[in-house]
Amino acid sequence: ILQDLVHALPIGRKHQLEQDSRLFWLLVRNAVNTQATFRPSQGMATVMGAFDTWDLGIAQADWIAAEKQKYIDEGILLDDDGDLGCGGTFENGHLGYLEGIYLYDPNDPRAITASGRIIDAGADAAIENSLGVPIAAFGSEMNERFAPHCGDYPRWMKKIKRALDPNTASDPFFFAEPEAEE
């Protein structure tokens, strides 16, 4: 439908392909604005998302494409033709970022369960396949899960939190609870 709308614009055919590409990119990048218009984007989730070299991003893309395909084949997730959604380059293309976007119906309990399984499997794959620390790796439980594989960073985060914010004025959920007094 969107492509038909774009082709109806009063511009030459040569420019329409470029226009198509820009329009679809803008739609992906502005998911918040499209949620009210396109029903599938109401149930969007993401897994992976490490900021690292592009070869790591490609390995993540291969993993998430295979993982979500199982659920697409069962009719649980929306068939997005392998689209992975959000990504970008940094440092003149030397570094990259990729999230494994998938779409589901939030009214389908099977889809909600599948989403949790994908995020959990993504955390395991990140550790087992050295895919970087994923976007969902925050909070005390995930900090402890990744600690042995990432230089025991929660221990340092707790010490820093205790030194800089001993009264826990800022919410520590996304980082680490302050180290308890002994």
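The values are calculated or read from the model by the stated rules, or taken from the named source; none is laboratory data. Here the structure is a predicted model, which is why all the values come from computation and not from measurement. Ideal geometry is used to build each Cβ from the backbone, glycine not excepted, and the neighbour counts take in all protein chains shown.
Brief remarks follow.
- Residue ID - farthest from Gly100 (Cα to Cα), chosen from residues in region 38-89 that are modelled with pLDDT of 80 or more and β-branched (Val, Ile, Thr): Ile76
- Any hit, region 160-173, residues being loosely packed, with under 11 Cβ neighbours inside 10 Å, of a type outside the set (Gly, Ala, Ser) and modelled with pLDDT under 65: yes
- The number of residues in region 120-145 that are surrounded by 19 or more Cβ atoms within 10 Å (Cβ to Cβ) and assigned to a helix (DSSP H, G or I) comes to 5.
- Looking only at residues of region 54-64 that are more than 22 Å from Phe138 (Cβ to Cβ) and of a type outside the set (A, V, I, L, M, F, W, C), we find that the one that is surrounded by the fewest Cβ atoms within 10 Å (Cβ to Cβ) is Asp55.
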